[in-house]
1. Which ones in the range 303-323 are crowded, with 17+ Cβ neighbours inside 10 Å and of a type outside the set (S, T, N, Q)?
2. As an exercise: evaluate residue 196 against (1) touching a residue at least 60 places away in the same chain (Cβ under 8 Å); (2) touching a His at 6+ places or on another chain (Cβ under 9 Å); (3) surrounded by fewer than 23 Cβ atoms within 10 Å (Cβ to Cβ) and give the number of the one condition it does not meet.
3. Which members of the range 294-326 meet the condition of being aromatic (Phe, Trp, Tyr) and without any contact (Cβ under 8 Å) to a residue 24 or more places away in the chain?
4. Evaluate the following for residue 101: is it without any contact (Cβ under 8 Å) to a residue 60 or more places away in the chain, small (Gly, Ala, Ser) and buried (at least 16 other Cβ atoms within 10 Å of the Cβ)?
5. Which residues, counting only those in the range 17-33, are part of a strand (DSSP E or B) and farther than 15 Å from residue 177 by Cβ?
6. Can you tell which of 118, 136 is surrounded by fewer than 21 Cβ atoms within 10 Å (Cβ to Cβ) and not in a strand (DSSP E or B)?
7. Is it fair to say residue 189 is at pLDDT 95 or above, farther than 30 Å from residue 260 by Cβ, part of a strand (DSSP E or B) and not acidic (Asp, Glu)?
8. Out of 151, 123, 146, I need the residue that is within 15 Å of the chain's Cα centre (by Cα) and part of a strand (DSSP E or B). Which one?
Amino acid sequence: MPDGTPVEELTLRALGPEDTKYVCKIITYGGAVRSLTVPDRNGNPVDVVLGFDTLEDYRAQDKYIGALVGRYANRVGGAEFTLNGAQYPLFANDGPNSLHGGRTGFDKRVWTVEELGGSAATLSLVSPDMDEGYPGSLEVRVTYTLSEGGLAISYRAKSDRDTVCNLTNHSYFNLSGHDSGSVEGQYIKLNASRYTPAGPGSIPTGEIAPVEGTPMDLRTAQPIGTRIGEPFGQLVMAGGYDHNWVIDKHEGTIWTAAAAWSPDTGIAMDAATTLPGVQFYAGNFLSGCPRGKGGAVYGDRHGFCLETQFFPDSPNQPGFPSCVLKAGEEYHSVTVYSFGVADCAEKL
């Protein structure tokens, strides 16, 4: 880093045969998943996440590629919120709103390696009181665990003051390979019969609306590009899919929120979480970032995100699940990205 702080790369290998094809590389800058290699239908290794070859490229990009995001993932409308009767202004880095933690979110910090084993790593970060405008000194620990089933991410946090907390990972997936181009032919399925429509600046209106009869209905697997260009107001506003879906049957236990599949490689992925929402972002505005690993060009819709979360703007939406973390209590969530192979989308 410019101040001399070293950035490390950690390599995780799934427990099992020495020739396991499940390998994950994580860098301490932003706690970012730099690569995630899984086997395709023929047993060949495929790197299914976007990433860069240099620290300079990670620092130059503004797409949050692979990173851990906080203190509040997604948007806070008007770049402010009220908690316990006090108003907290935040930095507006997305028009009039605050996005993914503000000017210097967790994605731009160097995390500390607390524990490292062959298949797991725990990273930590301390966000001081009033960091980016948020109250409370927040101590965060994130554990990545790789297995032959996939990648599990466990988030824990504690604050010495009441605060809001919403942590996620912003990996962009391309199940045909990070350098294979558009994901519009890859299939997506969301186990969600409702979503949170948004207004200007992608700030939720507060409504929780049914997907039935709209292009937001992804309960049956379909190619990402099938309806993404329809003249539906929500899609036009966001340039495609970039919304929060309300996960069906969420009760605080881990539940499968989404599934995806590449007909090119046969790789199928499930995303399960303990959180109530998932932001499906189809990478509508990926163009403009530095070249990726091996010189790959990352253009619009060359990767998709499944960001598990509390709903966007929850601090200002009393009808949404609460994201408030009480002083001394523990925030804990788990997200698991599981991988396998399938011969058709109907098996998702």
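The values are calculated or read from the model by the stated rules, or taken from the named source; none is laboratory data. Since the model is a prediction, treat every value here as computed from it, not as a measurement. Glycine also receives a Cβ, built like all others from the backbone with ideal geometry; neighbour counts cover every protein chain displayed.
1. Scanning the range 303-323 gives 303, 304, 305, 306, 307, 310, 311, 312, 313, 315, 320, 323.
2. Answer for residue 196: the failing condition is (3).
3. The answer is none; no residue qualifies.
4. So residue 101 passes the test.
5. Scanning the range 17-33 gives 24, 25, 26, 27, 29, 33.
6. Going through 118, 136 in turn, just one is surrounded by fewer than 21 Cβ atoms within 10 Å (Cβ to Cβ) and not in a strand (DSSP E or B): 118.
7. no
8. 151
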